[in-house]
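Heads up: the structure comes next, in structure tokens.
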Amino acid sequence: MLSSTGIRRFAGVLMAGAFTFLTTGVLGDSAVTPGSKAAGMEACVAPTAEMRRNHMDYLKHDRIKTVRKGIRDIRNSLADCVDCHAAKNGSGGYAQIDSEGQFCDKCHNYMAVDLACFQCHRKTPGEEKLSQSALDGGNVDHRLGLLRDKDAPAALAADELVQLQAIVQED
Amino acid sequence: MGKHNDQPDGKRRQFIGGTILAAGAATVAPGILLTVAQATGESQGVSSDVRYGMLIDTDKCVADCTACVDACDKENGLDLQQKPKGQSDDDWNAQRPQWVRKVQLKDRQTGDITDLPMMCQHCEFPPCVDVCPTGASFRRADGIVMVDRHTCIGCRYCMMACPYKARSFIHQNVVNQLVAAPRGKGCVESCNFCVHRIDAGKMTTACQDACAKEGHQAIVFGDLKNPESEIASILREKNSRQIRADLELNTGVRYTDL
Amino acid sequence: MKKMHFSELWCSSPRYWGGLSFLAFLVLLGLGAFYHMEHNGHWVTGMSNHLVWGLPHVFAIFMIVAASGALNVASIGSVFGGPMYKPLGRFSGLLAIGLLAGGLMVLVLDLGRPDRLIVAMTNFNMKSIFTWNILLYTGFFAIVGIYIWTMIDRKATQYYTVAGYVAFFWRLVLTTGTGSIFGFLVAREAYDAAIMAPMFIIMSFSFGLAFFIITLISAYWWAGRTLGEVRLARLKHLLGVFVGAVLYFSFVYHLTNLYMTQHHGVERFILLEGGIYTVMFWLGHVVVGSVIPLFLIYSPAFATSRFAIGTASVLVLLGGFLQLYVIVIGGQAYPMNIFPGKEVIASSFLDGSIVQYTPTPAEGLLGIAGMAVAVTMVAIGARMLKVFPDSLEDPAEVEHA
């Protein structure tokens, strides 16, 4: 029975490891997705624990300000969430923030809370950021289809990229 | 960031810097957090001291030009929607979003031909706002009539009520939305005077820019309440009309030579 | 009058469960259609930016209007003191709740964002007639529920009259609200008419009673109970009056429009040149939905024919459905006159041209599922509660209502 105990012990270690991994992934202090801008930053707009608990209220509070009153320089902007927390996907673009294993999904999936923001809001950092990263990566293709969602029909044409480049350099 | 950058990076970093301090304080007293954030210099929001409006010189509007329509589609990401596979052209044309459309009219008496762009007329007393059950359709203090997509349930009563057929319903999934123009399936939408530009302090709309770029300059956008604005002075000099003025909705969009 | 005994509706199990499973099948089909439309978005329907309310809305409005009318029988019993109608009050209330639930289900499942129903229930714009209707519909459930309770529970009978009056008043307001959804639309020429509200009330009387007669006859046939001729004849004559009144209101509505020059276009469209809508109006609403039923109801040849009564009721419903189709769809198909005095030569947005609408099967299935939900609720309610009198034999001496 020695071997079976060994297997059991091994399985136990594996389970514990998996559990530790999962808890650090979901509940640990570094919930930010590696490869996102947030990973290299000191803190979010509020301490992590507070953001975890209250981000939905903050977003709702500020969305009303933005939509109804036109106040855009709010602290809790969903676009900023995406800017910081979306991770690069390895091919020069960004992974969609609500896709499996990404920042929003990790927790929302774990907590089984529906995430409705991205039915309307963009899931990756804004258009100019994309072209910037494209320049960094040297991915100046004729059509930069790979930067967009693979299902998406639209893609940046080369001449649009040149325009964007100009704008980016102006900034 | 969008092409029309409404939140420059530097500003945001500064902002985050400022708010980290505030957030630190907030761990001690979470209740005051929102007030603190406000104190760091948020803008005051729109005011009813201005009323945005648009004046369209139909004489300058050119028959087959669709520059304004194309610019609007691009600015607001309407072109992200494509004809679904297997749909007929007629159905697609009836269902695709059109915030601004070109219309050609012929006077029944004189036979005069008029070309004009038609969009949300941004009424002072908008029927769409009256009928909306959730208050999603609303009029901002500065006169812009728009849809709060967070509370729109897609009942389409506003589309029934609008005398200008200015509204479109999103009939399909949308992906890769623009940061400045979030939009998705199942909500109603319409022209909002490029509200993201206005909030960023840019005082032109996409259609106006496009029209000027084409050399037509048929569209003037501005503050109706400011007597010194271009739009107000032209309105004083020239005769203009509201479409369906009989409804007494006091539209924000006016037309000359109609 | 003899004391009435009420009992749960009983029929053999295979019959009952067979019926229920057929209804469940219809409901499942409708839910599939709902998933299809919501998953893909409304592009898979015939509805568009120009024809924004389609077949599901016709079904929904039809049932909501009929729901309010179905309560009529109970109201006559308690508000107008008609003893012949009083025993029918419980079922009348049950049918009203069922129809309203079915109609609302269709309406909600056709929303662009049905997942946000909670938003509709928590954000109210009190100027919107829709908001009034949301409150009126929810209130209707509560009030009719209480009303039925006061009819069934002997301990609550002291509140019966009050509940009856409240329900009667509420029902009138509810149909006024439903009619006003159309009546207050200033922009659309077919709708901008205050007569819509009273017309919807009288339509509700007619459709609701037709529904009531059909379900009553079926339930008594289903359970093998006795249904007297006199009572049915009463209901039949009442239906005749209502059908005539609907026709009259429809006549007045079109006459008013014909008098106003600016409405000539839309009238010509509906009455003469509208193709399918013209056919639906004349053949559907006028001939099938009004003239033939009136003949069946008032012709001495069919004085006691149960088949004639049933047929008349079915035709009233069919005609009423088509009448609503003409109002809802036909009214939208006719172009809005955005530029008076001008002719639209070109527009990418179908300005000035008649809108084509072809409903897809999914829209129809959703509507039918709503009907099935209504019937299911009635079938289950009648089996669980004492709503039907054991016998509706004619009383020995007929009291005059």
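What pairs come out if I take residues in the stretch C:379-396 that are assigned to a helix (DSSP H, G or I) and pair them with residues that are open to solvent by 70 Å² or more (accessible area, probe 1.4 Å) and at pLDDT 90 or above whose C-beta lies under 9 Å away, six or more apart or interchain? Sorted first by the residue in the stretch C:379-396, then by its partner, the list stays empty. Listed by first and then second residue, the pairs with beta-carbon distance under 8 Å, at least 6 apart or on different chains, first residue in the stretch A:40-57 and not assigned by TED's automatic domain parsing to the domain that holds A:MET111, second hydroxyl-bearing (Ser, Thr, Tyr) and not in a loop (DSSP other than H, G, I, E, B), form an empty list. Could you tell me whether the stretch B:163-171 includes any residue that is basic (Lys, Arg) and under 13 Å from the mean Cα position of the chain (by Cα)? The answer is yes; a qualifying residue exists. Summed over the stretch C:79-107, residues that are more than 20 Å from C:LEU136 (Cβ to Cβ) and part of a helix (DSSP H, G or I) total 6.
Kindly evaluate B:VAL129 against the criterion of being surrounded by fewer than 23 Cβ atoms within 10 Å (Cβ to Cβ) and either assigned by TED's automatic domain parsing to the domain that holds B:GLU248 or among the aliphatic types (A, V, I, L, M) (or both). Yes: the conditions hold for B:VAL129. Looking only at residues in the stretch C:302-333 that are at pLDDT 90 or above and of a type in the set (Ser, Thr, Tyr), the one that is most open to solvent (accessible area, probe 1.4 Å) is C:THR311. State whether one or more residues within the stretch C:73-89 are over 28 Å from C:PHE6 (Cα atoms), open to solvent by less than 20 Å² (accessible area, probe 1.4 Å) and touching a residue at least 24 places away in the same chain (Cβ under 8 Å). No, the conditions are met nowhere in the stretch C:73-89. Evaluate the stretch C:334-343: report whether one residue or more is under 30 Å from B:THR110 (Cβ atoms), surrounded by 15 or more Cβ atoms within 10 Å (Cβ to Cβ) and within 25 Å of the chain's Cα centre (by Cα). There is at least one residue in the stretch C:334-343 that is under 30 Å from B:THR110 (Cβ atoms), surrounded by 15 or more Cβ atoms within 10 Å (Cβ to Cβ) and within 25 Å of the chain's Cα centre (by Cα). When restricted to residues that are within 8 Å of chain C (Cβ to nearest Cβ), under 21 Å from B:ILE170 (Cβ atoms), open to solvent by less than 20 Å² (accessible area, probe 1.4 Å) and not small (Gly, Ala, Ser), the stretch B:89-117 contains 4. Among the numbered conditions (1) open to solvent by 10 Å² or more (accessible area, probe 1.4 Å); (2) in contact with a helix residue (DSSP H, G or I) (Cβ under 9 Å, 6 or more places away or on another chain); (3) more than 7 Å from chain C (Cβ to nearest Cβ), the only one that B:SER137 does not meet is (1).
The helices (runs of 4 or more DSSP H) located wholly in the stretch C:223-328 that include 3 or more residues which are within 26 Å of C:PHE80 (Cα to Cα) and within 22 Å of the chain's Cα centre (by Cα) occupy C:229-259, C:292-298, C:306-325. State whether the residues of the stretch C:54-70 include one that is of a type outside the set (Ser, Thr, Tyr), outside any helix (DSSP H, G or I) and either within 14 Å of another protein chain (Cβ to nearest Cβ) or within 30 Å of C:LEU350 (Cβ to Cβ) (or both). Yes, because at least one residue in the stretch C:54-70 is of a type outside the set (Ser, Thr, Tyr), outside any helix (DSSP H, G or I) and either within 14 Å of another protein chain (Cβ to nearest Cβ) or within 30 Å of C:LEU350 (Cβ to Cβ) (or both). Of all residues in the stretch B:143-188, those that are part of a loop (DSSP other than H, G, I, E, B) and among the hydrophobic types (A, V, I, L, M, F, W, C) total 12. Taking the listed residues C:ILE181, C:ILE134, the one that is buried (at least 20 other Cβ atoms within 10 Å of the Cβ), within 20 Å of the chain's Cα centre (by Cα) and among the β-branched types (Val, Ile, Thr) is C:ILE181, with no other qualifying.
Answer yes or no as to whether B:ASP148 is within 30 Å of A:ALA116 (Cβ to Cβ) and without any contact (Cβ under 8 Å) to a residue 24 or more places away in the chain. The answer is yes for B:ASP148. When the stretch C:191-207 is filtered for residues that are open to solvent by less than 10 Å² (accessible area, probe 1.4 Å) and touching a residue at least 60 places away in the same chain (Cβ under 8 Å), the ones remaining, listed by number, are C:TYR191, C:PHE200, C:MET203, C:SER204, C:SER206, C:PHE207. Determine whether the stretch C:274-281 contains at least one residue that is closer than 24 Å to C:ASP394 by Cβ and open to solvent by 60 Å² or more (accessible area, probe 1.4 Å). No, the stretch C:274-281 contains no residue that is closer than 24 Å to C:ASP394 by Cβ and open to solvent by 60 Å² or more (accessible area, probe 1.4 Å).
Working only within the stretch C:94-131, note down all residues that are more than 10 Å from every other protein chain (Cβ to nearest Cβ) and either open to solvent by 10 Å² or more (accessible area, probe 1.4 Å) or closer than 17 Å to C:ASN72 by Cα (or both).
Matches in the stretch C:94-131: C:LEU94, C:LEU95, C:ALA96, C:ILE97, C:GLY98, C:LEU99, C:LEU100, C:ALA101, C:LEU104, C:MET105, C:LEU109.
Just checking, does the stretch A:70-88 include any residue being open to solvent by 70 Å² or more (accessible area, probe 1.4 Å), at pLDDT below 90, in the same structural domain as A:CYS120 (by TED's automatic domain parsing) and more than 30 Å from B:SER137 (Cβ to Cβ)? So far as the stretch A:70-88 goes, yes, one or more of its residues are open to solvent by 70 Å² or more (accessible area, probe 1.4 Å), at pLDDT below 90, in the same structural domain as A:CYS120 (by TED's automatic domain parsing) and more than 30 Å from B:SER137 (Cβ to Cβ).
The values are calculated or read from the model by the stated rules, or taken from the named source; none is laboratory data. Keep in mind it's a predicted model, so treat the numbers as computed, not measured. For neighbour counting, all protein chains shown are included, and Cβ atoms are generated from backbone atoms with ideal geometry for every residue, glycine included. Each accessible area value is taken on the protein alone, full model and side chains, heavy atoms only, with ligands, DNA and RNA left out. Shrake-Rupley method; radii C 1.70, N 1.55, O 1.52, S 1.80 Å.
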